[in-house]
Amino acid sequence: MPENRVELGVLNLRQIVQWLGLPPRMQLVKEGVDASEELYRQLAARLASAHLGSVGLLLTQSGDDRYEVDVRPEAEWRDAAYYLGHLANLQAGRLVVNDPEEMLRRDALSGHAREYADYRQAVLGHLYLLAVPPENQGEQAPARAFRAALEAALEVEKARHAA
């Protein structure tokens, strides 16, 4: 069910955290990084939007715990398909996607036939290509950047309260 929501372009905070391999809020609290739920949510969404930006996409909040993937104003869904196809080639270590149109007809990494109605559906169906692999999530840049941003935001809050 959650995978279907991702293919529809809708994510919740839990999916964002898992997708980017971010440390759960309670783990950070145990480690002494006591960020509020709101700060945690805002930074996770901002980091996810920046991560999606690498392929011409963005993330916008459309509800309390609902975020929608959309194409950046200066980009098109076909552009995002092109960038995701390039990423699939890098991950496979060989040429698997020669043209963005191929993203409409099959899964980029497995090669299994899939029929997407348009580039938007194809891009949303291939968002898994941007996910941080589970085996090394804690070591990856998104997790490190997230922790650093939280710590910096907490320092700013502390300085504001002291002033």
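The values are calculated or read from the model by the stated rules, or taken from the named source; none is laboratory data. Treat the numbers as computed from the prediction; the structure is a model and nothing was measured. Every residue, glycine as well, gets a Cβ built from its backbone with ideal geometry; the counts of neighbours run over all protein chains shown. Note: accessible area is taken over every heavy atom of the protein model, side chains too, but ligands, DNA and RNA are not part of it. Shrake-Rupley method; radii C 1.70, N 1.55, O 1.52, S 1.80 Å.
Provide the solvent-accessible area of K158, counting protein heavy atoms only and rolling a 1.4 Å probe, rounded to the nearest 10 Å².
Counting only protein heavy atoms, the figure is 130 Å².
With springs only between Cα atoms under 10 Å, which of G56, G21, G93 fluctuates most in a Gaussian network model of the chain?
G93
Given a 1.4 angstrom probe, what's the average accessible area per residue across the chain, in square angstrom?
57 Å²
With charges set only on the Cβ (+1 for Lys and Arg, -1 for Asp and Glu), what does the dipole of the chain come to about its Cα centre, in debye to the nearest 20?
240 debye
Given a 1.4 Å probe and the protein chains all in place, what does the accessible area of E74 round to, in Å² to the nearest 10?
About 140 Å², ignoring ligands and nucleic acids.
Quick one: 3J(HN,Hα) in Hz for the stretch 34-48, Karplus 6.51/-1.76/1.60 with θ = phi - 60°, rounded, Gly and Pro as x.
Once rounded to whole Hz, the list reads 8, 8, 5, 4, 5, 5, 4, 4, 4, 5, 5, 5, 5, 5, 5.
Would you please give the FRET efficiency between D65 and S36, computed as 1/(1 + (r/R0)^6) with r the Cβ-Cβ distance and R0 = 22 Å, to the nearest 0.05? Write out the running numbers ahead of the final one.
Working: r = 15 Å, r/R0 = 0.69.
Step by step, r from the Cβ atoms, then E = 0.90.
Kindly report, to the nearest 10 Å², the accessible surface of D107 as traced by a 1.4 Å probe over protein heavy atoms only.
Taking all protein chains as shown, D107 has close to 20 Å².
Show the residues, 5+ positions off or on another chain, whose built amide H is closer than 5 Å to the amide H of L57.
Amide H to amide H, under 5 Å and 5 or more residues apart or across chains, L57 pairs with R72.
Would you look at the GNM of the chain, springs on alpha carbons closer than 10 Å, and say which of H86, H112, H51 moves the most?
H112
First compute the accessible area of the stretch 87-163 with a 1.4 Å probe, then give the percent of it belonging to carbon and sulfur atoms.
In the stretch 87-163, the share of accessible area belonging to carbon and sulfur is 53 percent.
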